[in-house]
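The values are calculated or read from the model by the stated rules, or taken from the named source; none is laboratory data. Just so it is clear, the model here is predicted, and its values are computed rather than measured. When we count neighbours, we look across all protein chains shown, and the Cβ atoms used for this are built from the backbone with ideal geometry, even at glycine. For the accessible areas, the whole protein counts, side chains as well, though only heavy atoms, and no ligand, DNA or RNA atoms are used. Shrake-Rupley method; radii C 1.70, N 1.55, O 1.52, S 1.80 Å.
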Amino acid sequence: MKKRSYDSIVIGGGSAGLAAAAEIAGRGYHVAVIERELTLGGILNQCIHNGFGLHYFKEELTGPEYAERMIDMTAHLPGIDFFLDSAVLEVKGPRGGEPRSGAENAEGPLHNGGLVVYGISKHEGITEFTASSIVLAMGCRERNRGNIGIPGTRPAGVFTAGLAQRLVNIDGYVPGKDVVIVGSGDIGLIMARRMTWVGARVHGVVEIQPYPSGLTRNIAQCLNDFNIPLYLSHVVSEIHGSRRVEGVTIMPIEDRHEQSAKSFRLDCDTLLLSVGLVPDNELSRRLGVVLNPETGGPYVDASLMTSVPGVFACGNVLHVHDLVDWVTEESTRCGGNVCDYLAGGKTPWQGAVAAGANVKYVLPNRYAPSRKNVFYLRTLVVKNRALLRATIGGRTLLERRLPHVQPSEMVTFTLGPDAFNGAHGTAGQGGLADGRLEVSIE
Amino acid sequence: MESYDVAIVGAGVTGAAIARRLSAYSLDVALLEKECDVSFGVSKANSGIIHAGFHHSPSSLKARLEVLGNMMYDALQRELHFPFRRCGIVVAAFSIEEMKTVERLYTQGLENKVIGIELCSRDRILSLEPKLNPDVVGGLHAPSGGIIEPYRFVFSLVESACKNGVTLKREFEVVEAEVSRVRRHRFVLRSRSGDAIRTRWVVNAAGLFADEVSRILGGEELKIIPRKGEEFLMDRNAKGYPSRVVFPVPSPDSKGMLVIPTVEGTTMIGPTAVEVEDKEDLRTTLENFERVCSSARRLVPSVSERDIITSFAGLRPTLAGNDFYIAVSKAQPHLIQVAGIQSPGLTASPAIAEYVKDLLKQDGLPLVERPDFDPTIEEVPRLRELDPEEADRLVQANPDYGEVVCRCETVSEAEVVAAIRRGHTTLDGVKFYTRAGMGRCQGGFCTYKTLKIIEREAKLSLGEITKRGEGSFVLGSTVGDLPVGGES
Amino acid sequence: MAARSLVCISCPIGCRLTVTEDPPGTITVTGNQCARGEVYGREEMLAPKRVVTATVLTDSGEVRRLPVKTTAPLPKELINGLLSALYRMRLPLPVRCGQVILHDVEGSGVDLVATRSAE
């Protein structure tokens, strides 16, 4: 078995992994990127539509263009080794980690602070990677039919929207020709247009909420442009067809009650599900990382380090992002924090961060008053002219009017040392009784 | 036209077990399956429980064959390498009344000669299965009960049978038969696609369609009533699920809704039991999910709706009288009826095979042992079961083991190729052989890889690949095939 | 003339525009937060256009389809023609990201470029 040693191992070569690795290598450390596909870029490769990079590059790019820019940024860095077409077979944290299901109870030797990742590829066999730090950048997976439990038969022709996107844009296969889409998030809307542009007919987009969850821009250019009906407050209540999808029953929801008497059928041969993304933390779990049920990702401190020392997380595996620009920001910052950790710097004092009124979650879960802190949050409500507030012990550190908030649009704000100055007395001394930072939306 | 000594109609667990048993003899045996792959009928939705043998009355064929079958699994596993574990079964009682039923089951188990069966106090049963509802007052423990991956079992039986000379004919649906009283090969069986074979004996192991096959063959009238069962699969990472199979106290017509640890580390809850009319009605419903969850929660409090990964339904082929009907046909000579094989059909299958072999022998089939009979099949290594050192050796020997296709279940390309080479050329067939597509993402990431491997290895065009046979095509067309014109 | 309500698609913000033509020939756009919105509102009334993204079959086994885009919004009525033409093409590699694949699509003055490099 080959053995390789690095300062850092980045698991995932998509937008998060590339940004983190670029930062780590840029500061002179030696980093391995393990990527399961044959190319870098992750999910960006199949997002051939535009809308990426408006913040980070100040240009509107397609997914592949954004990915290529990220890859180019890493190309000239000598300290990165890429391991493509490689999967992670096993991971071990300082406590030995949890065994993979099916494997014998693997009690390995404790690697003093050292973390171990077993990569597997057809050319290299198994490689044992040891490192002082790991960056979790595995992204997310899609919720599927099983998760939402659509009743009915189980014919061929039911796909998650992302799988259909991959099949169409990368492999050149069209799943079917009469399509119904469940979920009005951006992936579903983009696929409504894409399927139309490859000659399929999209008979409707079905959305359980009374409002669409994707960008209004996408409603206009993906649905309205093609006169595709959007059924708000509706669900697919049954799938029909014994071998291949033949149709679906659509049922309205009024005042939170199903109205089965008003159900109707849409004939179709394909159902695309765009019903949510789940951060893919199976490896994190096996490392012993503690996960946050609100985000589906790890709890992280102010430096984006998880509950396992030396293990960091960024990008969609930490929480599902809407814009890749923020993934790049977060992951670059994470890479910088990994370097600080590797340099052995003293960990600054950190206080707790809590989600207050109307906030579903805020990240990171801790703040460091002596540093610049970038926060990301999602609201629970749809509101115009909302007020974002960050307080410690009743004292307001930040107040900002936001023209419009909704759960599907992430909000970001920054608090630097100046903002904290005096808010809780001398750093580390806990000047106020409760040094907890509460973030709310009103 | 091909000629056989025995044709077995149906390659579910029953037909497959019989085929393998007969393959030990110098006979020409045909195993006929109407679907495009074996185990795609009733056996596709099996719970995978190897019962202990206390549920059925000693006078029933079910009880006798169930206990005999149960004992044969260790040897079978050594030969056929399917996943199997004797984790034990517990029946939980929550009242004095229920305890009385449990005592009757215990007595019945003793009469059926179930090894190791014990009556349990509350403390004893909770120590055996700590995840049980603490309100339990006592119960039954049968250490000989176990769990198995049912389609792996059927696949291995068929592989072994074919290795020893059995001819498997997929997509052979018997729609017509000619019976001659003078010819040595009494039957001509015709398939829907126009194929035909001659045979001396027929074994009707056609599951849900045993009544129709009997009619076609001139057998006695049978009536199969399909009884649907829905089951729900729970996340392997969920905590608080049991390590033994947990049964409630049974009702007169049902073993009840169970909490079943699977041999692969997930948990299943169910099945429901509802008679339906349509033999193809495999629809799942929402109402049942809540009912099943709360029923299961009574046994194991940790059962949570949040843990569900997927659900599926199966149909049991029930016959009036509630016992197996395994006999030489009263109406048609040389026809062996093997009908009404619902629970404990899987458990009993090796014993059913013995029993049918004996019926055939009594009916005049000459049984000469094959000297070159090999009961074993090749063991295909599974990447997910190997530690890094073993995995490394394997990849060096066969690089296809280094290409991970399904990362949720850690399935390598080599295993997918092994499945395809054994005739499993549909997405479901590959899934059942390898587990690719059964994990958290339910095929979201691996489907495109599996499709490409099937295209390459089975030499099928992508448009020909199906989910599980005729009509269930996966892809519609290639980009550019459909005319563009989507705007109004 | 009645006002028309539109959502601007120039960027993800998606400003709600109100576009009126009064007097005839004079288009007024309100609700935009930047100049692009004004352009969009005007064009949407007179000559709607869209950026088109798609993929083209290549002669490679590894990168079977190459993603492409129009360099600027294309008049809507030309989109289906462009897509049909693209789906008949077979592109030889190598190609560089940004390389022009089709010049002056259907006389629109808009080019089609590759959005990734491929060998």
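Structure summary
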{"quantity": "Of the criteria (1) over 15 Å from B:Thr310 (Cα atoms); (2) part of a loop (DSSP other than H, G, I, E, B); (3) of a type outside the set (A, V, I, L, M), which one B:Arg236 fails", "calculated": "(1)"}
{"quantity": "So A:Ile219, is it outside any loop (DSSP other than H, G, I, E, B), open to solvent by 20 Å² or more (accessible area, probe 1.4 Å) and either on the phi > 0 side of the Ramachandran plot or not assigned by TED's automatic domain parsing to the domain that holds A:Asp340 (or both)", "calculated": "yes"}
{"quantity": "All positions within the stretch C:1-25 that are under 17 Å from A:Arg217 (Cβ atoms) and more than 14 Å from chain A (Cβ to nearest Cβ)", "calculated": "C:Thr18"}
{"quantity": "Within the stretch B:433-463, tally of residues that are over 23 Å from B:Phe153 (Cβ atoms), more than 8 Å from chain A (Cβ to nearest Cβ), outside any helix (DSSP H, G or I) and of a type in the set (D, E, K, R)", "calculated": "1"}
{"quantity": "In the stretch A:239-279, residue farthest from B:Ile465 (Cα to Cα) [restricted to those that are among the acidic types (Asp, Glu) and either modelled with pLDDT under 95 or out of contact with any Gly (no Cβ under 6 Å at 6 or more places or on another chain) (or both)]", "calculated": "A:Asp255"}
{"quantity": "Hey, B:Thr478 over 19 Å from A:Asn144 (Cα atoms) and either within 8 Å of chain A (Cβ to nearest Cβ) or under 25 Å from the mean Cα position of the chain (by Cα) (or both) or not", "calculated": "yes"}
{"quantity": "Which numbered condition B:His424 fails, given (1) assigned to a loop (DSSP other than H, G, I, E, B); (2) open to solvent by 50 Å² or more (accessible area, probe 1.4 Å); (3) at pLDDT 95 or above", "calculated": "(2)"}
{"quantity": "Which numbered condition A:Phe159 misses (of (1) part of a loop (DSSP other than H, G, I, E, B); (2) in contact (Cβ under 8 Å) with a residue 40 or more places away in the chain)", "calculated": "(1)"}
{"quantity": "Of the criteria (1) open to solvent by 10 Å² or more (accessible area, probe 1.4 Å); (2) under 23 Å from the mean Cα position of the chain (by Cα); (3) touching a residue at least 60 places away in the same chain (Cβ under 8 Å), which one A:Val374 fails", "calculated": "(3)"}
{"quantity": "Criterion: touching a helix residue (DSSP H, G or I) at 6+ places or on another chain (Cβ under 6 Å), in the same structural domain as B:Gly256 (by TED's automatic domain parsing) and part of a strand (DSSP E or B) - qualifying residue of B:Leu140, B:Leu168", "calculated": "B:Leu140"}
{"quantity": "Selection count where residues are open to solvent by 10 Å² or more (accessible area, probe 1.4 Å), away from chain C (no Cβ under 14 Å) and part of a helix (DSSP H, G or I), scope the stretch A:314-326", "calculated": "1"}
{"quantity": "Meets criteria (surrounded by fewer than 20 Cβ atoms within 10 Å (Cβ to Cβ) and at pLDDT 95 or above) for A:Leu232", "calculated": "yes"}
{"quantity": "Flag if B:Lys279 is basic (Lys, Arg) and within 27 Å of B:Cys120 (Cα to Cα)", "calculated": "no"}
{"quantity": "B:Thr466, sole failed condition from (1) of a type in the set (Ser, Thr, Tyr); (2) facing another protein chain (nearest Cβ under 7 Å); (3) in contact with an Asp or Glu (Cβ under 8 Å, 6 or more places away or on another chain)", "calculated": "(3)"}
{"quantity": "Hits in the stretch B:113-130 (condition: in contact (Cβ under 8 Å) with a residue 12 or more places away in the chain and either surrounded by fewer than 21 Cβ atoms within 10 Å (Cβ to Cβ) or closer than 19 Å to B:Ser254 by Cβ (or both))", "calculated": "B:Lys113, B:Ile115, B:Gly116, B:Glu118, B:Leu119, B:Ser121, B:Arg122, B:Arg124, B:Leu128"}
{"quantity": "Residues that are part of a loop (DSSP other than H, G, I, E, B), of a type in the set (Val, Ile, Thr) and over 15 Å from A:Leu277 (Cα atoms), drawn from the stretch A:293-313", "calculated": "A:Val300, A:Thr306, A:Val308"}
{"quantity": "Residue satisfying all of: in the stretch B:78-116; of a type in the set (A, V, I, L, M) and assigned to a loop (DSSP other than H, G, I, E, B); nearest to B:Leu65 (Cα to Cα) among these", "calculated": "B:Val114"}
{"quantity": "Criterion: modelled with pLDDT under 90, open to solvent by 20 Å² or more (accessible area, probe 1.4 Å) and closer than 22 Å to A:Met195 by Cα - qualifying residue of C:Pro23, C:Pro48", "calculated": "C:Pro48"}
{"quantity": "The stretch B:351-374, residues that are closer than 14 Å to B:Leu335 by Cα and either touching a residue at least 40 places away in the same chain (Cβ under 8 Å) or acidic (Asp, Glu) (or both)", "calculated": "B:Val356, B:Lys357, B:Asp358, B:Leu360, B:Asp363, B:Leu365"}
{"quantity": "Which numbered condition A:Ser284 misses (of (1) touching a Gly at 6+ places or on another chain (Cβ under 7 Å); (2) crowded, with 20+ Cβ neighbours inside 10 Å; (3) within 26 Å of A:Ser133 (Cβ to Cβ))", "calculated": "(1)"}
{"quantity": "Within the stretch B:390-409, considering residues that are at pLDDT below 95 and at the interface with chain A (Cβ under 8 Å from one of its Cβ atoms), the one most open to solvent (accessible area, probe 1.4 Å)", "calculated": "B:Arg407"}
{"quantity": "Residues of the stretch A:61-89 satisfying the condition of being farther than 17 Å from A:Ser331 by Cβ, part of a strand (DSSP E or B) and open to solvent by 10 Å² or more (accessible area, probe 1.4 Å)", "calculated": "A:Asp81, A:Phe83, A:Ala87, A:Val88"}
{"quantity": "Test for A:Ala137: is it under 24 Å from A:Leu223 (Cβ atoms), more than 7 Å from chain B (Cβ to nearest Cβ) and modelled with pLDDT of 95 or more", "calculated": "no"}
{"quantity": "Residues (surrounded by 22 or more Cβ atoms within 10 Å (Cβ to Cβ) and either of a type in the set (S, T, N, Q) or over 20 Å from B:Glu403 (Cβ atoms) (or both)) located in the stretch B:447-466", "calculated": "B:Thr447, B:Thr450, B:Thr466"}
{"quantity": "Only listed residue being in a strand (DSSP E or B) and among the charged types (D, E, K, R), chosen from A:Arg154, A:Arg194, A:Arg141", "calculated": "A:Arg141"}
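A quick yes/no check of all residues on (1) within 28 Å of B:Phe94 (Cβ to Cβ); (2) part of a loop (DSSP other than H, G, I, E, B); (3) open to solvent by less than 10 Å² (accessible area, probe 1.4 Å):
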position: B:Phe289; (1), (2), (3): yes, no, no
position: B:Val292; (1), (2), (3): yes, no, yes
position: B:Ser302; (1), (2), (3): yes, yes, no
position: B:Phe312; (1), (2), (3): no, no, no
position: B:Ala327; (1), (2), (3): no, no, no
position: B:Gln332; (1), (2), (3): no, yes, no
position: B:Ser343; (1), (2), (3): yes, yes, no
position: B:Ser349; (1), (2), (3): no, no, yes
position: B:Lys361; (1), (2), (3): no, no, no
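Condition check ((1) out of contact with any Leu (no Cβ under 8 Å at 6 or more places or on another chain); (2) of a type outside the set (Lys, Arg); (3) modelled with pLDDT under 90) across all residues:
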{"position": "A:Glu35", "(1), (2), (3)": "no, yes, no"}
{"position": "A:Leu38", "(1), (2), (3)": "no, yes, no"}
{"position": "A:Lys58", "(1), (2), (3)": "yes, no, no"}
{"position": "A:Gly63", "(1), (2), (3)": "no, yes, no"}
{"position": "A:Glu68", "(1), (2), (3)": "yes, yes, no"}
{"position": "A:Leu110", "(1), (2), (3)": "yes, yes, yes"}
{"position": "A:Val116", "(1), (2), (3)": "yes, yes, no"}
{"position": "A:Ile120", "(1), (2), (3)": "no, yes, no"}
